[in-house]
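What follows draws every value from the coordinates through simple rules; no lab data is involved. Just so we're clear, the structure is a prediction, and the values are computed from it rather than from any experiment. Ideal geometry is used to build each Cβ from the backbone, glycine not excepted, and the neighbour counts take in all protein chains shown.
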Amino acid sequence: MKAVVWHDRGKISLDNVADPGIRDSGDAIVRLTMSAICGTDLHMIRGTFPGMVDGTILGHEGVGVVEEVGDDVRNFRPGDRVVVPSTLCCGACTYCRAGYSAQCDRANPHGHLGGTAIFGGPEPAGPFDGMQAGYVRVPWAAANLVPIPEQVIDEQAIICSDVLPTGWFGAKLAEVSRGDTVAVFGCGPVGQLAITSAFKLGAGRVLAVDQVPDRLETARRQHADPIDFSREDPVEIMRELTNGVGPDRVIDAVGVDAYPGPESETSESEQRAAAGGEAPTWHYGTLPSQAARWAVSGVAKAGTIGVIGVYPAGFDAWPIGSAMNRNLTVHLGNCNHRPLIPELLDMVASGVIDPSNVVTRQEPVTDAIEAYRVFDEQQPGWVKVALEGMT
Ligand SMILES: NC(=O)c1ccc[n+]([C@@H]2O[C@H](COP(=O)([O-])OP(=O)(O)OC[C@H]3O[C@@H](n4cnc5c(N)ncnc54)[C@H](O)[C@@H]3O)[C@@H](O)[C@H]2O)c1
Ligand SMILES: [Zn+2]
Ligand SMILES: [Zn+2]
């Protein structure tokens, strides 16, 4: 099969690789009909989320059809259409049962302290081959496959694999509730769906911070107030727009590849800390703590921050002193995808959430490497890139 393969920082290629097979009686093989490129893939290529192994198939977003199941998979049969959640879980341990599927005790081969297991991710997260490929092996398939309602097409279902659950999770982490003013940092696909989710959860107003005109315009079409941090100080504008108080809730949908505002200095030491001591590549963030710093200084006193932007384990330049002295509440983490997906698929099926704002490009997998380049450059029109034609 064809697959997008990570070889080194800055080096990926579309390779011919062997089809995966059933290895364990709990596995399923899914033929992928659609995959997508995520900002998290960019961190792994830039090197700002280190630990990748040469030969790993990229991609943690997938929709497809069950091709084959192991003997212990009772609840799915070949032919079933499914969404595959980005993070893996077993469905049976105490963490899974409590809803913390991203902290599953069993899915990560490194054991119960191994952290989140993810498709197409670094060695400490599995490693598991990902879904920018013709087929994927899904371990713990009984728990990790989610059936797709008949009326939901692939272009809608694909956002339920990662970006919509993560945007929703971010709004929940930030404790968005009726009437709140919410600021979302980062207007990539995850930020756009955090804006959507904040409005659905009752936000009275949403402020959207980025510097890419096309992404700010997409946020405006959702009726968020765009703030362009390359032209104005986001903390000042957020206060101006909120009667001097600041937003009640802030969602960080930027993560480690953050760019500085005109008044900030870039930081090589932060860049290296993010990239595990190496030099990052492609269009990496030159001030990794920038979104975090603006979030902490801009949110209202005693407000809440939800962090879904990814920061690697070795990164610790987070403004804890200022957060502590402003009595902030901070929730953060990898999305617990599996338990959120069924409800979100229903919201997409009923038209309550419309993914067409977000999935702006559908590209054949044969053009995947070029698509990565253009997404990395944040060219106009390239918010979320779905890949198709893998088989
Ligand atoms: N927690 C999770 O489970 C989870 C799941 C999926 C994605 N993520 C993470 O969410 C983040 C966003 O993903 P994406 O696919 O939307 O990525 P993306 O790269 O498309 O979007 C990031 C956006 O942030 C903007 N940005 C950069 N610096 C900024 C700053 N200082 N202030 C405000 N905006 C700034 C960029 O211009 C860009 O539009 C990434 O860190 C990704 O790894 C986390
Ligand atoms: Zn993703
Ligand atoms: Zn589990």
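Rg and Dmax in Å for the chain, alpha carbons only: what are they?
19.7, 61
How many angstrom lie between the C-alpha centres of region 197-213 and region 18-40?
33
Taking the chain as the reference, fit the longest principal axis to its C-alpha atoms, fit the long axis of helix 337-349 to the helix C-alpha atoms, and give the angle between the two in degrees, 0 to 90, nearest 10.
80
How would you rank L14, L340, L193, L58, going from fewest to most other Cβ atoms within 10 Å of each one's own Cβ?
On the way: L14 16, L340 21, L193 30, L58 27.
Starting with the residue having the fewest Cβ neighbours, the order is L14, L340, L58, L193.
Relative to the first principal axis of the alpha-carbon coordinates of the chain, what is the inclination of helix 189-200, with its axis defined by its Cα atoms, in degrees from 0 to 90 and to the nearest 10?
Taking Cα atoms only, the helix is inclined about 70 degrees.
What angle do you read, to the nearest 10 degrees and between 0 and 90, between the alpha-carbon axis of helix 163-173 and the longest principal axis of the chain?
50
Could you work out [θ]222 nm for the chain from helices alone, using -39500 (n - 2.57) per DSSP H run of at least four and dividing by all its residues? Round to the nearest 500 deg cm²/dmol.
Values: 13 runs with 103 residues, N = 391.
It lands at -7000 deg cm²/dmol.
Taking every DSSP beta bridge that has both residues in the chain, what percent is antiparallel when rounded to the nearest 5? Walk me through the intermediate numbers first.
On the way: 31 of 58 bridges.
Of all bridge pairs located within the chain, approximately 55 percent are antiparallel.
Residue-wise, which Karplus ³J(HN,Hα) couplings in Hz belong to region 371-383, taking 6.51 cos²θ - 1.76 cosθ + 1.60, θ = phi - 60°, and x for glycine or proline?
Listing the rounded values in order: 4, 4, 4, 5, 5, 4, 7, 6, 5, x, x, 10, 7 Hz.
For region 1-96, which trypsin sites (Lys or Arg not before Pro) are in a loop by DSSP, counting at most 15 other Cβ atoms within 10 Å?
Details: sites: K2, R9, K11, R23, R31, R46, R74, R81; in loops: R9, R23, R74.
Those satisfying the criteria are R23, R74.
In whole Hz, with x marking every Gly and Pro, tabulate ³J(HN,Hα) for region 294-307 from phi via Karplus 6.51 cos²θ - 1.76 cosθ + 1.60, θ = phi - 60°.
Couplings: 5, 4, 5, 7, x, 5, 4, 3, 6, x, 10, 10, x, 9 Hz.
How large is Rg/Rh for region 148-282, to two decimals, with Cα atoms and a Kirkwood Rh? Walk me through the intermediate numbers first.
Values: Rg = 16.2 Å, Rh = 15.9 Å.
Computed over Cα atoms, the ratio is 1.02.
Step through the residues of region 113-123 one at a time and calculate ³J(HN,Hα) from phi using the Karplus curve (6.51 cos²θ - 1.76 cosθ + 1.60, θ = phi - 60°), rounding each to whole Hz and writing x for Gly and Pro.
For region 113-123, the Karplus curve yields 9, x, x, 5, 9, 9, 5, x, x, x, 4 Hz.
Please go through region 124-196 and write out the trypsin sites (Lys or Arg not before Pro) that DSSP classes as loop and that have at most 10 other C-beta atoms within 10 Å.
Loop-located and lightly packed - R178.
Counting alpha carbon pairs within less than 8 Å and at least 6 residues apart, what relative contact order, in whole percent, applies to the chain? Please list the in-between numbers first.
Values: 1019 pairs, mean separation 75.6, N = 391.
RCO, the chain: 19 percent.
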